[in-house]
Amino acid sequence: MSKKILLSGVKPTGLLHVGNYFGAIKQFVDFQDEYETIIFIADLHAITTVQDKDLLSKQIYDIAVDYMACGLDPEKALIFKQSDIPEVSELAWYFNCITTVPYLERAHAYKDAEAKGREVNMGVFDYPILMAADILIQDADVVPVGKDQKQHIEYARDTAEKFNRVFNTDIFKLPKEMIVESLAVVPGIDGQKMSKSYGNVIPLFAEHDEVKSLVMRIPTDSKGVDEEKNPEDMVLYQIHKIFNGSEELFNSYKKGLSYKEAKEKLIEDILAFSEPFRKRRAELHGNRDYVLDVLKKGGERAKARVEAKMEKVRNAVGVKLY
Ligand code: ADP
Ligand code: TRP
């Protein structure tokens, strides 16, 4: 039996953080043997916010390095950048023509931007449709993401159904999100969801001094060492358990461990965890020819994969005359 298809992507909008890794990238790596794995760099999506040529190019390169530093193996997973498949944008157009404005107005990301009084560009408004095209064009079965992206996968599913219905075909498969419940929302150092936009992240590749100063900022209460506490209520433990889920740690947080000691142990656990990642990243980063070759070849393969499907799509829509 052929393997099911796992597909996902991350926008090249800056440094990866611990939430990106545990919420999404860890799943890409853990499942790359079990699934046919397709992982891309969502550079077109990034243009909704990154409008600086050199910065975007740099960040695309960095994410390619970061993916591999996290353990994605280009021999197993297909790695490429979204913009290398222009057909994704073409498909998004067909989808746009069957999507209503009120439907997109219900998207959380758009509603949040509106509520904050931000000027919303068309890219932000249409974001879910481009994402649906990413997913559906590759026949993805499962899409590993953090919880904040769940609605976007629902949009992809709805869009597949609508296209199939409107054009009377069965071209598109209905994808499912893959969300690991315990890692669905990784908290940041202030206890809110860890996110670049909240300025509460622990960068995945951070070195000792940065990790230390971030961990020191995690709030704690004034309970004494021997007072009984519920670790699950503490931001410090909520973050720590991601790196160390042992019962021993849980019990020591409950009673007997001072916040100072807990923070020291957390710093140690984060750095021990990220050390191999930082090492691989340093090795890969200077190996520009190799990294670009992986991306370029990945782009060619990814594009070849979609050709037959796009011919069917053009035929279903009625624009294919020869
Ligand atoms: P950010 O919110 O920092 O801008 P992105 O939107 O670039 O992060 O997210 C990239 C991937 O990482 C997505 O699949 C997203 O769901 C996941 N992710 C981001 N933050 C978290 C988090 N705090 N917990 C779990 N998953 C997350
Ligand atoms: N929206 C995703 C994010 O913010 C990135 C993304 C774009 C994506 N296209 C996708 C994720 C397709 C999964 C599948 O992180």
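Where in region 221-317 are the helices (runs of 4 or more DSSP H), entirely inside, with at least 3 residues that are among the acidic types (D, E) and under 27 Å from the mean Cα position of the chain (by Cα)? Break it down into steps so the answer makes sense when it comes.
Working: elements: 235-243, 247-254, 259-285, 288-317.
Those helices (runs of 4 or more DSSP H) span 259-285, 288-317.
Return the residue satisfying two criteria in turn: it lies in region 103-126 and is part of a helix (DSSP H, G or I) and open to solvent by less than 50 Å² (accessible area, probe 1.4 Å), and of such residues it is nearest to L136 (Cα to Cα). Talk me through it step by step, then tell me what you get.
Our first condition is that a residue be part of a helix (DSSP H, G or I); within region 103-126, this holds for 103-105, 108-115, 122-126.
Checking the rest, the ones that are also open to solvent by less than 50 Å² (accessible area, probe 1.4 Å) come to 103-104, 110, 113, 123-126.
On the way: Y103: 19, L104: 18, Y110: 22, A113: 26, G123: 19, V124: 19, F125: 19, D126: 16 Å.
Filtering first and then ranking leaves D126.
Answer yes or no as to whether I171 is open to solvent by less than 30 Å² (accessible area, probe 1.4 Å), under 25 Å from N20 (Cβ atoms) and away from ligand 2 (no atom under 16 Å from the Cβ). Give the steps one after another, and end with the answer.
On the way: open to solvent by less than 30 Å² (accessible area, probe 1.4 Å): yes; under 25 Å from N20 (Cβ atoms): no; away from ligand 2 (no atom under 16 Å from the Cβ): yes.
Judged against the criteria, I171 is not a match.
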- request: State yes or no: is R106 in the same structural domain as Y21 (by TED's automatic domain parsing), more than 16 Å from ligand 1 (Cβ to nearest atom) and within 26 Å of E311 (Cβ to Cβ)?
  value: no
Matching residues, region 10-20, being near ligand 1 (Cβ under 8 Å from one of its atoms) and farther than 15 Å from N200 by Cβ: V10, K11, T13
task: May I ask you to list pairs of residues, at least six apart or on different chains, whose Cβ atoms are under 8 Å apart, with the first in region 1-27 being in contact (Cβ under 8 Å) with a residue 24 or more places away in the chain and over 17 Å from A77 (Cβ atoms) and the second being among the aromatic types (F, W, Y) and away from ligand 2 (no atom under 14 Å from the Cβ)?
output: L15/F205
query: In the set D158, D209, D190, which member is more than 9 Å from ligand 1 (Cβ to nearest atom), open to solvent by 30 Å² or more (accessible area, probe 1.4 Å) and in the same structural domain as M234 (by TED's automatic domain parsing)?
result: D209
- request: With the condition kept exactly as written, say whether any residue in region 167-178 is in a loop (DSSP other than H, G, I, E, B), within 16 Å of ligand 1 (Cβ to nearest atom) and in contact with a strand residue (DSSP E or B) (Cβ under 8 Å, 6 or more places away or on another chain).
  value: yes
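Please go through region 182-199 and pick out each residue that is more than 18 Å from S274 (Cα to Cα) and in contact with a strand residue (DSSP E or B) (Cβ under 9 Å, 6 or more places away or on another chain). Step through it out loud before you land on a result.
The initial filter retains those residues of region 182-199 that are more than 18 Å from S274 (Cα to Cα), namely 182, 184-185, 190-193, 195-199.
Correct list: V185, K193, S195, K196.
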query: Out of (1) outside any helix (DSSP H, G or I); (2) within 24 Å of R280 (Cα to Cα); (3) not small (G, A, S), the odd one out for K212 is which?
result: (1)
message: As an exercise: evaluate H285 against (1) modelled with pLDDT under 95; (2) closer than 30 Å to S222 by Cβ and give the number of the one condition it does not meet.
response: (2)
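For region 73-102, what are the residues that are of a type in the set (V, I, T), open to solvent by 50 Å² or more (accessible area, probe 1.4 Å) and not in a helix (DSSP H, G or I)? Write out each step before concluding.
Of region 73-102, the ones of a type in the set (V, I, T) are 79, 85, 88, 98-101.
With the extra rule that they be open to solvent by 50 Å² or more (accessible area, probe 1.4 Å), the set shrinks to 100-101.
T100 - this is the single residue of region 73-102 that is of a type in the set (V, I, T), open to solvent by 50 Å² or more (accessible area, probe 1.4 Å) and not in a helix (DSSP H, G or I).
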- prompt: With (1) outside the structural domain of G19 (by TED's automatic domain parsing); (2) within 16 Å of ligand 2 (Cβ to nearest atom); (3) open to solvent by 80 Å² or more (accessible area, probe 1.4 Å) as the list, and L204 as the residue in question, which single condition is left unmet?
  reply: (3)
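Looking only at region 4-15, which residues are within 11 Å of ligand 2 (Cβ to nearest atom) and over 9 Å from the mean Cα position of the chain (by Cα)? Give the derivation first.
So in region 4-15, the residues within 11 Å of ligand 2 (Cβ to nearest atom) come out as 6-13.
Matches in region 4-15: L6, L7, P12, T13.
Could you count how many residues in region 132-152 are closer than 18 Å to P102 by Cα and either more than 14 Å from ligand 1 (Cβ to nearest atom) or buried (at least 24 other Cβ atoms within 10 Å of the Cβ) (or both)? Step through it out loud before you land on a result.
First, the residues of region 132-152 that are closer than 18 Å to P102 by Cα: 132, 151-152.
Right, trim to either more than 14 Å from ligand 1 (Cβ to nearest atom) or buried (at least 24 other Cβ atoms within 10 Å of the Cβ) (or both) and you get 132.
The number of residues fulfilling the criteria is 1.
The values are calculated or read from the model by the stated rules, or taken from the named source; none is laboratory data. What you see is a predicted model, and the numbers here were worked out from it, not measured in a lab. Please note: Cβ atoms are built from the backbone with ideal geometry, for glycine as well, and neighbour counts cover all protein chains shown. For accessibility, only protein heavy atoms count, side chains too; no ligands or nucleic acids. Shrake-Rupley method; radii C 1.70, N 1.55, O 1.52, S 1.80 Å.
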